[in-house]
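Peer 1: Would you mind keeping the following structure in view while I ask a few things?
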Amino acid sequence: MSFISSTQAIPEARTVPQHVAIIMDGNGRWATKRLLPRTAGHAKGVQSVRKVVQAAAKHGVKYLTLFAFSSENWRRPQEEVSLLMRLFMQALDREVAQLKNQGVRLRVIGDRSQFDVKLQNMMSKAEAATEANEAFHLTIAANYGGRWDILNATRRMLAQNPQLCHQPDQINEQEFAQYLSMAWAPEPDLFIRTGGEQRISNFLIWQLTYTELFFTEQYWPDFGEAALLDAFAWYRGRERRFGRTSAQVKIKTTV
Ligand code: IPE
Ligand code: IPE
Ligand code: MG
């Protein structure tokens, strides 16, 4: 099933965001503040992932997309990158069976070709094991970059439709968006970034066009159900206009 883009149609208003996308930031600073190595923050961050997945499902979210490793995170010290890969494997190893039983469909988006083959296989196995689930869609963005996604989509679209090279006018948003790595999901309603920075850091740049952006100072290891509910409360207070005027939105919601 494909979803209509926020620039083409107006999504239905909901009190709970259907799709939440999170930049899980601040692990390193959480640890440094406690005089611990940065890696301890990443280990603690995995616990927040578990808590937030459960809380999001419990409160009616259908799609949760978590930024775990950006295409620029390879620039970090080698030991930190290796630890992150180990944590990734450990989490897949430990959590997949339970996710499967809970009706969670797990997917990984990003360029996997640069990961260790063992990790690539674990990702594919985890996806296959949960592919029949539809209650909740958990997506992990790993070696993901929004620019990569757009370039990759462009390459795939042209490879599959070489005639478009001579008919560029035939390319429209709907056509193009089918080739993005999250074509199967609605665009995020709510974006959350923990850790205090107010930037997108090459996350879902195409899909965040009309997403409500929530930034919190809390570090990711401190983020849990209560913090998620605070973000939902903030979200409910937003007026999503999608280009219309406030008066138009009010008429629409009171009819
Ligand atoms: C987010 O926390 C985790 C990853 C990027 C993998 P950080 O490691 O970026 O934590 P800070 O921003 O340095 O505190
Ligand atoms: C963004 O966090 C990526 C992830 C959380 C995986 P970063 O900590 O890498 O972002 P910048 O470098 O501060 O923008
Ligand atoms: Mg960071």
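The values are calculated or read from the model by the stated rules, or taken from the named source; none is laboratory data. Here the structure is a predicted model, which is why all the values come from computation and not from measurement. Note that each Cβ is placed from the backbone with ideal geometry, even for glycine, and that neighbours are counted across all protein chains shown. In case anyone asks, the SASA skips ligands and DNA or RNA and just uses the protein heavy atoms, side chains included. Shrake-Rupley method; radii C 1.70, N 1.55, O 1.52, S 1.80 Å.
Peer 1: Suppose we keep only residues that are part of a loop (DSSP other than H, G, I, E, B) and small (Gly, Ala, Ser) within the range 4-59. Which one would you say is modelled with the lowest pLDDT?
Peer 2: Taking the candidates together, the pick is 13.
Peer 1: I'd like to know if the range 175-193 contains one or more residues that are at pLDDT below 95 and either over 27 Å from residue 40 (Cβ atoms) or assigned to a helix (DSSP H, G or I) (or both). Reasoning before the result, please.
Peer 2: First pass over the range 175-193, keeping only residues at pLDDT below 95: 175.
With the extra rule that they be either over 27 Å from residue 40 (Cβ atoms) or assigned to a helix (DSSP H, G or I) (or both), the set shrinks to 175.
Yes: the range 175-193 contains one or more residues that are at pLDDT below 95 and either over 27 Å from residue 40 (Cβ atoms) or assigned to a helix (DSSP H, G or I) (or both).
Peer 1: When you check residue 115 against the structure, is it open to solvent by less than 70 Å² (accessible area, probe 1.4 Å), without any contact (Cβ under 8 Å) to a residue 40 or more places away in the chain and farther than 29 Å from residue 89 by Cβ, yes or no?
Peer 2: Values: open to solvent by less than 70 Å² (accessible area, probe 1.4 Å): yes; without any contact (Cβ under 8 Å) to a residue 40 or more places away in the chain: yes; farther than 29 Å from residue 89 by Cβ: no.
Answer is no for this residue.
Peer 1: If you scan the range 61-80, which residues turn out to be open to solvent by less than 10 Å² (accessible area, probe 1.4 Å) and more than 9 Å from ligand 1 (Cβ to nearest atom)?
Peer 2: Selection gives 61, 64, 65, 66.
Peer 1: Now a separate question. What residue, among those in the range 177-199 that are farther than 19 Å from residue 228 by Cα and open to solvent by less than 20 Å² (accessible area, probe 1.4 Å), is nearest to ligand 2 (Cβ to nearest atom)?
Peer 2: Restricting to residues being farther than 19 Å from residue 228 by Cα and open to solvent by less than 20 Å² (accessible area, probe 1.4 Å), the top hit is 182.
Peer 1: What pairs can you find where one residue is in the range 187-199 and free of Cβ contacts under 8 Å to residues at least 24 places away in the same chain and among the polar types (S, T, N, Q), the other is open to solvent by 40 Å² or more (accessible area, probe 1.4 Å) and part of a strand (DSSP E or B), and their Cβ atoms are less than 9 Å apart, with a gap of 6+ or different chains?
Peer 2: 198/213; 198/215
Peer 1: How many residues does the range 38-47 contain that are more than 12 Å from ligand 2 (Cβ to nearest atom) and surrounded by 15 or more Cβ atoms within 10 Å (Cβ to Cβ)?
Peer 2: The number of residues fulfilling the criteria is 5.
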